[in-house]
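Notes for the one structure printed next.
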Amino acid sequence: MNTEVISVILILLVTLALAIPLGKYIARVYAGESTFLDVVFNPIEKLFYKFSRIDSAQQMTWKQHLVALLTINIVWFFLGMLVLMNQGRLPLNPDGNASMSPDLAFNTTISFITNTNLQHYSGESALSYFGQLTLMFYQFVSAGAGMAVAAVLFSALRERTSDKLGNFYEYFLKSCTRILLPISFIVAVILVFSGTPMTFEGKDTITSLQGETVQVSRGPAAAMIAIKQVGTNGGGYFGVNSAHPLENPDFITNSVETITIPLISIALVFALGYYLKRKKLAWMIFAVMTVGFLVCLIPTIYLEMNGNPAISRMGIDQTTGSMEGKEVRFGSAASALWAILTTCTSNGSVNSMHDSLTPLSGMFTMLGMQINAFYGGKGVGLLNFYIFIIIAVFISGLMVGRTPEFLGKKIEVREMKIAMLVFLLHPFLILGGTAMSSYLIYLHPDYAWLNNPGYHGFSEMLYEYTSASANNGSGFEGLGDNTPWWNISCGIIMLLARFIPIIGPIAIAGILAEKKYIPESAGTLKADTATFGVMVLAVIAILVALSFFTALALGPIAEYFSIA
Amino acid sequence: MKNQIFPAILLSLCCLVFFCGIYTAAVWTVAQASSNQGKGEIIFYGSNSQQYGFANIGQAFTADKYFWSRPSAVNYNAAGSGGSNKGPGNPEYLLQVQARIDTFLVHNPAVKRDQIPTELVTASGSGLDPHLSPGAARIQVDRIAKIRGISKERLKNLLHKYTHKPLFDVFGVETVNVLELNIALDQMK
């Protein structure tokens with residue numbers, strides 16, 4: 001078999017082998033049980049709580065959790081605006097990069113607090129080292145906040161009736177210190193020994209072998225690259241993200257960075273199983289996610305390895321696949337794997353340019369973000385999947401004529417309304433945004449923000465809003481998106497698409513947790529069976545196809561037929 | 001919300017110090033033990049090895065006496081990486097690829113069109129791709145042999161020496177670092 005395909009399989013198997021024990025560890029962390037890192041982190045966390053005047057033993061209701069989450073995000077928003085709009089005057093700026101314009105700072109701050117990391121700038125020329133490090137802070141805390149709400153969900157799904165769902169600050173801080181930090185540190189160490197820079201010196205000037213003078217950007221990159229992969233943030237140090245040979249120098253780093261994209265998201269699924277002592281349920285969720293993921297992955301690898309049909313017609317040798325926008329050291333199969341993983345998990349880092357993917361591969365990357373629940377982002381992927389489960393439970397209940405129940409709790413009108421609103425928000429933001437932008441560019445062709453004509457130009461806009469609404473952050477980067485229109489519209493969409501899909505599921509879970517627990521009986525719909533798994537997959541397929549098929553037909557599908 | 005605001009600010013400050021300060025410092029300290037202290041791996045070249053380049057940063061090689069590197073959308077500007085971001089069916093882009101094929105054929109008359117590997121006429125994602133596939137280097141051997149007056153056999157041996165195999169021969173792809181190869185080429189007698 002081809003060595004590229006073998007390495008793809010290896011990467012996936014290693015990911016699974018690491019995710020299961022990690023899931024067990026995460027479950028112990030959230031359950032408050034002792035772990036081997038207690039020695040290091042117990043005193044540090046105690047110090048933090050004391051300094052911040054937080055009582056980490058105080059139990060919170062779901063509403064208090066949401067208030068704590070929103071409050072701390074407001075603090076982060078103002079801090080980000082302050083730093084980015086003044087970084088030109090702040091220290092650690094050896095390259096003399098300027099402060100950001102207000103609209104770009106608005107977009108960038110929201111982008112990083114929402115775990116999106118959409119970047120309407122290029123890191124090496126638009127950020128000082130101080131700015132980069134501040135953004136790295138958001139990469140930790142936004143991922144930690146996402147994982148904290150997943151922990152609230154875990155707590156709410158237990159077999160009991162209670163409104164006490166743990167302490168937000170404790171979940172948040174433990175996610176950052178005990179899960180994100182150790183993994184990031186290991187990844188960063190692997191990166192620095194593979195040639196990724198970690199220095200505070202500015203640009204270097206070299207003379208190339210052919211005699212030209214070239215400037216080379218560097219910086220404290222390794223630390224940030226590790227957390228942007230581990231925390232499903234995706235915001236790279238350099239403009240081209242992990243396609244950059246310093247950000248991702250070789251096969252080993254590419255494999256490590258690829259594994260860390262879905263690692264914690266998959267581990268959280270298993271953590272749910274260990275936490276609730278329902279391992280079968282975790283395997284059902286994992287299986288549904290994996291089937292969906294493979295449905296996107298396999299055709300994409302096939303298409304990218306087959307090359308661009310329009311270039312095939314020129315009669316050259318395309319055995320290495322479609323290489324526009326790809327790096328030789330990764331090859332087309334590993335690039336396709338990354339493209340699908342990064343879009344399914346809301347990561348958004350890239351190791352190839354998605355704008356140059358063949359049309360249907362571009363469609364699968366968009367589908368991954370439109371579903372946004374096949375592994376999904378840190379914590380929030382599981383919340384999105386929870387919404388699909390609630391809808392599937394409801395539909396199954398209707399089909400057999402029973403009151404829908406999930407894990408011993410009755411699902412009623414109020415919960416269903418919330419679930420449907422949360423689901424509908426995503427297509428509304430994506431399609432509404434794309435429609436408005438399409439109309440604007442039709443009225444004002446002189447805005448000229450498209451890098452490609454025709455169907456592909458439409459795909460560039462569709463992708464941008466899909467990415468913003470999925471809190472993904474990758475892009476069809478040809479789009480000239482550093483304009484007030486794109487900065488502000490994407491900023492608003494990222495904000496709504498981050499917090500409403502957190503508030504909704506937490507509200508549902510919180511309301512259900514307060515309801516009476518009904519023990520399992522012969523009439524209970526069992527959620528941990530293959531039948532129910534197929535049901536969830538069918539619900540996802542139908543809902544997403546109904547919402548997005550027409551838009552995809554206008555973009556990537558039309559493009560496919562025009563060049564096939 | 002009012003009684004949450006101070007804990008939120010103070011906890012954020014703690015995290016700022018811990019994740020930006022201590023974590024960064026720890027990684028930086030470890031980096032001091034890596035090659036060139038985390039400033040990027042470098043290779044020396046030129047007479048008396050006075051000049052140097054970064055091993056992982058591709059350079060523009062357009063002269064016929066060197067192995068050409070891949071086309072770059074940013075002309076190998078290592079302070080502003082970037083891809084072309086051209087869609088697969090963009091007519092303007094396809095004309096550009098066609099022009100690159102024609103140019104290559106003019107400079108390499110011994111090569112047939114269906115032998116040209118696609119990576120030699122398409123731009124990389126970063127614009128700084130330091131590598132070629134061995135096939136994309138091999139196809140340039142005829143041209144270089146003629147210009148430098150070195151036998152094809154010796155060039156092929158050189159290429160073989162500088163080909164990086166996949167990990168354990170099984171995982172990943174074969175690559176050639178173009179800068180390494182061209183430095184070795186200049187040192188051939």
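State the dimensionless ratio Rg/Rh of region B:52-185 (Rg: radius of gyration of Cα atoms; Rh: Kirkwood radius).
Answer for region B:52-185: 0.96.
If all Cα-Cα distances of the protein assembly as shown are sorted into 10 Å bins from 0 onward, what percent lands in each bin, rounded to whole numbers?
Bin by bin from 0 Å, the calculated values are 3, 15, 25, 26, 18, 9, 3, 1, 0.
Using a probe of 1.4 angstrom, how much of the accessible area of the protein assembly as shown is carbon and sulfur, in percent?
Reported share for carbon and sulfur atoms: 65 percent.
Counting only protein heavy atoms, probe 1.4 Å: which residues of region A:272-318 lose 30 Å² or more of accessible surface in the full assembly compared with their chain by itself?
Those residues are A:Asn308, A:Ile311, A:Met314, A:Gly315, A:Ile316, A:Asp317.
How well do other chains shield peptide B:156-168, expressed as the mean number of their Cβ atoms within 10 Å of each residue Cβ?
1
What span do the alpha-carbon atoms of region B:15-60 cover on each of the three principal axes, reported in whole Å from largest to smallest?
Each principal axis gives a Cα extent; for region B:15-60 these are 49, 23, 11 Å.
Ordered by residue, what ³J(HN,Hα) values in Hz, to whole numbers, does region A:469-474 give under the Karplus form 6.51 cos²θ - 1.76 cosθ + 1.60, where θ = phi - 60° and Gly and Pro are x?
6, 8, 6, 8, x, 6
Sort out for me the Cα centre separation of region A:530-564 from region A:31-51, rounded to whole Å.
Cα centroid to Cα centroid, the span is 45 Å.
Once you've got the Cα coordinates, tell me which of A:Lys378/A:Lys417; A:Lys410/B:Lys2; A:Lys228/B:Lys161; B:Lys86/B:Lys146; A:Lys174/A:Lys326; A:Lys174/A:Lys526 are over 30 Å apart.
Exceeds cut-off: A:Lys410/B:Lys2; A:Lys228/B:Lys161; B:Lys86/B:Lys146; A:Lys174/A:Lys326; A:Lys174/A:Lys526.
Let a ≥ b ≥ c be the square roots of the eigenvalues of the Cα gyration tensor of region A:66-201; is it rounded (a/c under 1.5), or, if not, prolate (a/b larger than b/c) or oblate?
Oblate.
May I ask you to list the aspartates and glutamates whose Cα is less than 16 Å away from that of A:Lys279, ignoring any residue fewer than eight positions away on the same chain?
In chain and number order, the partners are A:Glu159, A:Asp528.
Is region A:255-342 rounded, prolate or oblate when judged by the Cα gyration tensor, a ≥ b ≥ c being the square roots of its eigenvalues, rounded requiring a/c under 1.5 and prolate requiring a/b larger than b/c?
Verdict is prolate for region A:255-342.
So how far, in whole Å, is the C-alpha centre of region A:252-284 from the one of region A:211-240?
Cα centres, region A:252-284 to region A:211-240: 26 Å.
Out of residues 5 or more away from A:Glu405 or on other chains, whose amide H comes under 5 Å of its own, with H placed 1.01 Å from N in the peptide plane?
Sorted by chain and number, the residues that satisfy this are A:Ile411, A:Leu525.
In nm², what is the average projected area of the convex hull enclosing the Cα atoms of region A:4-44?
3.8 nm²
Calculate, for the protein assembly as shown, the solvent-accessible area per residue in square angstrom, rolling a 1.4 angstrom probe over the heavy atoms of the protein chains.
35 Å²
How large is the helix-only mean residue ellipticity at 222 nm for chain A, computed as the sum of -39500 (n - 2.57) over DSSP H runs with n ≥ 4, divided by its residue count, in deg cm²/dmol to the nearest 500?
-21000 deg cm²/dmol
In Å², nearest 100, what accessible area do chains A and B bury in total when the solvent probe is 1.4 Å?
8100 Å²
What average number of partner chain Cβ atoms lie no more than 10 Å from the Cβ of the residues making up B:53-63?
6
Take each of the peptides B:147-160, A:161-174, A:279-292, average the number of other beta-carbon atoms within 10 Å over its residues, and list them starting from the highest.
Result, highest mean Cβ count within 10 Å first: A:161-174, A:279-292, B:147-160.
Provide a whole-number value for the mean count of partner chain Cβ atoms within 10 Å of the Cβ atoms in peptide A:351-358.
6
The values are calculated or read from the model by the stated rules, or taken from the named source; none is laboratory data. Please read all numbers here as calculations on a predicted model, not as lab measurements. Using ideal geometry, Cβ is built from the backbone for each residue, glycine included, and neighbour counts are taken over all protein chains shown. Each accessible area value is taken on the protein alone, full model and side chains, heavy atoms only, with ligands, DNA and RNA left out. Shrake-Rupley method; radii C 1.70, N 1.55, O 1.52, S 1.80 Å.
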